[in-house]
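Colleague: Take this structure first; my questions come after.
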Amino acid sequence: MNYSYYPGCSLEASAKGYDESVKYVFSKLGHELIEIDDWNCCGATYYMATKETISLVISARNLAIAEKKGLDIIAPCSSCYTILYKTNHILKNNRILREKVNQALRKVGLEYHLNVEVRHPLEVLVNDVGIETIASKAKKSLGGLKIAQYYGCQIVRPERGLDDKDDPQMMDNLCKALGAENVYFPMKTQCCGGMLMTTYPDVGLGLNKKLLECAKENGADIIITTCPLCQINLEAYQNKINKKFKTDIKIPVLFFTQIVGYALGGTPRELGLQRSLIPFDPEKISREELR
Amino acid sequence: MTKGKADQILPGMLNEKERELRNSFLLQIKNIPGGESIKKCIQCGTCTATCPVSYTMDITPREIIALFRAKDIDTILSSRTIWICASCYSCTVRCPQGVKVTDIIYTLKRLAIENEIFPKKFPVYALSNSFVWFVNHLGLSYEPGLLVAYYLRTNPFKLLGMIPLFLKLAKNGRIGFFPRKIKNKKNFSKILKEAEIVENIIPMQES
């Protein structure tokens with residue numbers, strides 16, 4: 001099956017490894033991702049917090065362009081996913097806003113007819129492709145690698161009925177089927193603070209310290225996540241957290257597709273693993289496999 | 001209208017500013033699917049209990065709704081609370097009455113920005129504003145530019161502290177040195193211009 005692909009701004013820069021690994025995983029599983037032609041920024045939470053109609057308009061421009069191809073949209077960045085999903089939901093429910101948005105889009109000959117679904121790659125892998133199919137195509141076992149699955153806020157909340165909002169299982173089941181060992185990680189949907197790391201660093205560092213410590217105490221080798229902002233918050237500030245709270249945390253934080261891609265036979269370079277700030281050596285897994 | 005005796009504020013009456021804020025709040029809240037659920041709040045405090053950052057707020061999410069009912073939106077807008085909210089939606093999914101707390105806070109943020117009720121070098125506003133500038137001019141966000149613009153507006157010295165991280169990210173190919181523009185920027189600007197016009201249209205009441 002083919003999907004429209006909305007990478008979003010982060011996947012072109014700080015989360016390049018996510019972009020590379022999503023593409024790798026989908027192509028290995030025989031699905032094509034067709035990038036939305038000349039997509040623009042979804043507006044993220046900041047535009048939503050500034051101007052309502054304009055934020056819906058810029059987000060809907062992507063939906064309208066994708067609609068021409070008639071495919072579901074895949075948006076890996078949790079924030080893009082939430083904003084595009086929310087825009088779709090609001091436009092489907094509010095006639096006045098829909099008219100306003102279309103009036104702006106018609107200026108350049110676009111119009112959105114509500115015929116697109118916005119989806120997250122994790123959910124597509126679990127529901128469309130199926131965990132069994134992925135496991136059967138795996139070339140390597142994850143060899144008992146201890147993983148803490150961190151879902152963050154935006155893909156399970158606000159409720160979309162995809163998975164449990166407190167104890168989601170999609171990533172857990174996927175990792176288990178690929179041979180990993182899931183550690184107990186009760187903070188899997190606690191907030192990382194998002195941009196609070198920039199605006200109120202004290203609050204942001206505190207939230208991330210709790211998450212990292214919880215993963216460490218439960219014996220995780222790595223943390224995997226679905227969101228570029230969660231990934232950078234958890235990965236890039238570990239030094240600062242150690243300094244501030246006198247902790248000793250050093251744990252790689254990867255995107256879930258990098259782990260799935262590795263199981264499917266991807267090399268570290270194909271999956272963008274060399275981009276990690278805290279290096280993760282997948283050979284460690286293979287060595288364990290020999291046991 | 002000149003301020004005559006009849007306009008004096010009596011107990012239970014709203015002053016002009018509060019009345020305006022209230023009207024624009026109520027209008028925006030209607031745009032949220034399920035926004036009117038705010039009426040159903042039972043003041044149980046589940047939102048506050050579940051909020052990961054409520055401990056740093058000056059008024060709690062529960063108090064926001066209490067203050068709204070007490071007709072004091074001005075106090076809510078000048079609080080630090082609406083800007084601390086990280087939009088994690090914990091309150092929204094746990095509310096037993098289905099109140100869309102996070103979306104209500106978004107509405108309040110927009111209201112505060114529209115009316116410029118916040119300190120001058122306010123961090124969240126500086127960040128939002130820089131972000132919006134980049135999206136308007138490129139059609140895309142540009143992470144390094146955004147952070148530089150943000151720190152220049154708030155505390156330029158902190159920018160120095162960010163340099164080691166920038167360098168590390170650059171070394172790993174995670175920073176683009178030049179911002180990219182979307183291809184059809186002209187069309188994008190046209191849409192934005194029209195969107196700005198429709199933003200301010202207030203539709204007639206639906207029957």
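Colleague: Per residue of A:7-14, what is the mean number of Cβ atoms on other protein chains within 10 angstrom of that residue's Cβ?
Modeller: Working: counts 0, 2, 12, 3, 0, 7, 12, 7.
Average neighbour count from other chains, rounded to a whole number: 5.
Colleague: Continuing with the same structure: Going by a ≥ b ≥ c, the root eigenvalues of the Cα gyration tensor, does the range B:123-199 fall in the rounded group (a/c under 1.5), the prolate group (a/b larger than b/c) or the oblate group?
Modeller: oblate
Colleague: In addition: Using a 1.4 Å probe on the heavy atoms of the protein chains only, list every residue of the range A:22-43 that has 10 Å² or more less accessible area in the complete assembly than in its chain alone.
Modeller: In the range A:22-43, residues shielded by partner chains: A:D37, A:D38, A:W39, A:N40, A:C41.
Colleague: Here's another thing I want to ask about it. Give the aspartates and glutamates whose C-alpha is closer than 16 Å to that of B:K190, dropping any in the same chain fewer than 8 places away, or say none.
Modeller: Straight-line reach from B:K190, under 16 Å: A:D38, A:E111, B:E199.
Colleague: Nearest 0.05, what FRET efficiency do A:T267 and A:K244 give at R0 = 41 Å with Cβ-Cβ as r?
Modeller: Details: r = 37 Å, r/R0 = 0.89.
E(calc), rounded to 0.05, equals 0.65.
Colleague: I would also like to ask the following. Just how large is the dipole of the range A:1-102 about the Cα centre, in debye to the nearest 20, putting +1 at every Lys and Arg Cβ and -1 at every Asp and Glu Cβ?
Modeller: Numbers: 12 positive and 11 negative charges, 79 e Å.
With only Lys, Arg, Asp and Glu charged at Cβ, the dipole is about 380 debye.
Colleague: Quick one: accessible area per residue over the protein assembly as shown, 1.4 Å probe, rounded to a whole number of Å²?
Modeller: Values: 21590 Å² over 498 residues.
Heavy-atom SASA per residue in the protein assembly as shown reads 43 Å².
Colleague: Tell me, which residues of the range B:92-119 get at least 10 Å² less accessible area when the other protein chains come in, versus the chain alone (1.4 Å probe)?
Modeller: Relative to the lone chain, where solvent access is computed with a 1.4 Å probe, the range B:92-119 loses at least 10 Å² at B:V93, B:R94, B:D103, B:Y106, B:K109, B:R110, B:I113, B:E114.
Colleague: What is the mean number of Cβ atoms from other protein chains located within 10 Å of the Cβ atom of each residue in peptide B:174-184, rounded to a whole number?
Modeller: Working: counts 13, 3, 5, 0, 0, 2, 3, 1, 5, 4, 6.
Counting Cβ atoms of other protein chains within 10 Å of each residue's Cβ and averaging gives 4.
Colleague: What does the buried accessible surface come to for B and A, summed over both chains, with the probe at 1.4 Å? Round to 100 Å². Write down the numbers at each step before the final one.
Modeller: On the way: alone 14200 and 13480 Å², together 21590 Å².
Counting both chains, the buried surface is close to 6100 Å².
Colleague: So, one more: Bin by bin, in steps of 5 Å, what percent of the Cα pairs in the range A:1-133 do you find, going until the bin that has the longest distance?
Modeller: Result returned by the calculation: 2, 11, 21, 24, 20, 12, 8, 3, 1, 0.
Colleague: Find out how many positive minus negative residues lie around B:T48, taking Lys and Arg as positive, Asp and Glu as negative, among other residues whose Cβ is under 9 Å from that of B:T48. Don't skip to the answer; put the middle values down first.
Modeller: Values: positive: B:R62; negative: B:E63.
Within the 9 Å Cβ shell, the charges total 0.
Colleague: Let me ask something else. Normalised by the number of residues in the range B:16-114, what is the relative contact order in percent for Cα pairs under 8 Å and 6+ residues apart? It would help to have the intermediate numbers written out before the result.
Modeller: On the way: 115 pairs, mean separation 35.4, N = 99.
Once normalised by length, the contact order is 36 percent.
Colleague: Taking the Cα centre of each part, how many Å lie between the range B:53-83 and the range A:185-229?
Modeller: 26 Å
Colleague: Let me ask something else. Summing -39500 (n - 2.57) over the DSSP H runs of n ≥ 4 in chain B and dividing by its residue number, what mean residue ellipticity at 222 nm do you reach, to the nearest 500 deg cm²/dmol? Before the final figure, lay out each step's value.
Modeller: On the way: 11 runs with 114 residues, N = 207.
After summing the helix terms and dividing by the residues of chain B, the value is -16500 deg cm²/dmol.
Colleague: Output the relative contact order of the range A:1-122, whole-number percent, from Cα pairs under 8 angstrom with separation of 6+ residues.
Modeller: Details: 182 pairs, mean separation 36.4, N = 122.
For the range A:1-122, the relative contact order is 30 percent.
Colleague: Now, a different point. Starting from the Cα gyration tensor of chain B, take the square roots of the eigenvalues, sort them a ≥ b ≥ c, and report rounded, prolate or oblate (rounded when a/c is under 1.5, otherwise prolate if a/b is larger than b/c, else oblate).
Modeller: Numbers: a/c = 1.91, a/b = 1.54, b/c = 1.24.
Verdict is prolate for chain B.
Colleague: If you don't mind, there's one more thing I want to ask. Using the structure shown, select from A:K140/A:K165; A:K23/B:K183; A:K140/A:K246 the pairs with a Cα to Cα distance greater than 28 angstrom.
Modeller: Working: A:K140/A:K165 31 Å; A:K23/B:K183 22 Å; A:K140/A:K246 38 Å.
Flagged as over cut-off: A:K140/A:K165; A:K140/A:K246.
Colleague: For the range A:171-182, just list the computed ³J(HN,Hα) in residue order, Karplus coefficients 6.51, -1.76 and 1.60, θ = phi - 60°, integers in Hz, with x standing in for Gly and Pro.
Modeller: 5, 4, 5, 4, 5, 4, 5, 8, x, 8, 10, 8
Colleague: Loop only by DSSP, 16 or fewer other Cβ within 10 Å of the Cβ. Give me the GluC sites (Glu not before Pro) in the range B:49-150 that pass, ordered by residue number.
Modeller: Numbers: sites: B:E63, B:E114, B:E116; in loops: B:E116.
Answer in residue order: B:E116.
The values are calculated or read from the model by the stated rules, or taken from the named source; none is laboratory data. Since we're looking at a predicted model, the values are computed, not measured. We place every Cβ from the backbone using ideal geometry, glycine too, and count neighbours over all the protein chains shown. What goes into the accessible areas is simple: the full protein's heavy atoms, side chains included, and nothing from ligands, DNA or RNA. Shrake-Rupley method; radii C 1.70, N 1.55, O 1.52, S 1.80 Å.
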